[in-house]
Amino acid sequence: MSTRDTRDDASRQDLAQLLVSAADLADAGLGDFTELASPSSDEDPPPMTAQTPELTAVLNRAFGDKAAREVRTSFVNSDSSIVVDEGVSERVAGAAAAWMADMRRVYTECASWTMSIGDDEITVRVVDPADDPGEPLKVEQRFGNEGDEALMRTMLAGSPGQQARITTLLVRQGDRALELTFRSLAGDPDGPEAARLATETSKFLELAPAKFLGLPPR
């Protein structure tokens with residue numbers, strides 16, 4: 001093994017210490033979740049199309065960005081209704097800030113876009129943060145103050161009645177970034193499943209960013 005490979009392995013081990021572990025779940029009140037044997041989000045994203053060629057380029061660059069080093073994990077609850085993906089990455093100097101700028105532009109300028117999966121075109125719509133009960137702007141402010149910057153948005157993917165709800169929090173600290181994503185079906189916003197999702201999401205939002213930023217749990 002080369003010296004560079006040894007350094008990369010050591011860096012990944014260092015990053016892995018910033019991920020939520022199975023041992024963290026019970027103490028955080030997340031005993032209903034178990035760690036998946038392999039991360040659920042390892043695949044490259046499909047081609048995406050926005051309103052203009054310029055935004056399409058930004059969109060695909062942002063979601064297709066590759067970090068110099070990255071570690072990932074995933075958790076699922078007992079009935080598989082909620083999947084939580086977490087990644088911690090490290091980029092070359094300045095690249096993490098550039099990636100966050102691309103993601104911020106996507107969420108600001110792309111109200112919706114399409115993903116091409118085989119012969120299917122799936123529409124993705126960004127939920128206006130003012131209409132999101134998860135109050136993403138408050139979460140952004142909190143972790144933006146604790147780290148260097150934060151960004152959180154919810155997306156709805158697919159046709160009504162079969163939509164997936166995808167909520168992602170990004171937190172940058174220097175050249176490292178946390179990506180925390182919650183995936184579930186978009187059901188009745190006033191139903192018990194929505195309340196359950198909100199509770200589980202809030203617990204992960206307390207646990208994962210605090211561990212990434214080296215903060216004491218609240």
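Overall, the ratio between the Cα radius of gyration of the range 58-201 and 2.2 N^0.38 Å, rounded to two decimals, is 1.05. Gain on full extension, evaluated as 0.36 nm per residue between Glu121 and Ala23 minus their Cα-Cα distance, stands at 31.3 nm.
When the residues Lys203, Lys138 are ordered by accessible surface, computed with a 1.4 Å probe over the protein chains alone, the sequence from largest down reads Lys138, Lys203. With an a/c value of 1.5 or above and a/b not larger than b/c for the gyration tensor axes a ≥ b ≥ c computed over the alpha-carbon atoms, the range 48-116 is described as oblate.
If you sort the three axes of the alpha carbon gyration tensor as a ≥ b ≥ c, you get a/c of 1.5 or more for the range 159-218 and a/b no higher than b/c, which makes it oblate.
Computed over the chain with a Gaussian network model linking Cα atoms closer than 10 Å, the most mobile of Ala62, Ala96, Ala37 is Ala37. Suppose all protein chains stay in the model; what accessible area per residue would a 1.4 Å probe give for the chain, in Å²? Per-residue value: 52 Å². Each residue of the range 140-146 is assigned a 3J(HN,Hα), and the resulting list reads 4, 4, 4, 7, x, 6, 7 Hz, derived from the Karplus form 6.51 cos²θ - 1.76 cosθ + 1.60 (θ = phi - 60°), x at Gly and Pro. Pairwise Cα distances in the range 90-149 exceed 17 Å for 58 percent of all pairs.
The values are calculated or read from the model by the stated rules, or taken from the named source; none is laboratory data. Note that the structure is predicted; figures quoted are calculated from it, not measured. Only protein heavy atoms, including side chains, enter the accessible area calculation; ligands, DNA and RNA are left aside. Shrake-Rupley method; radii C 1.70, N 1.55, O 1.52, S 1.80 Å.
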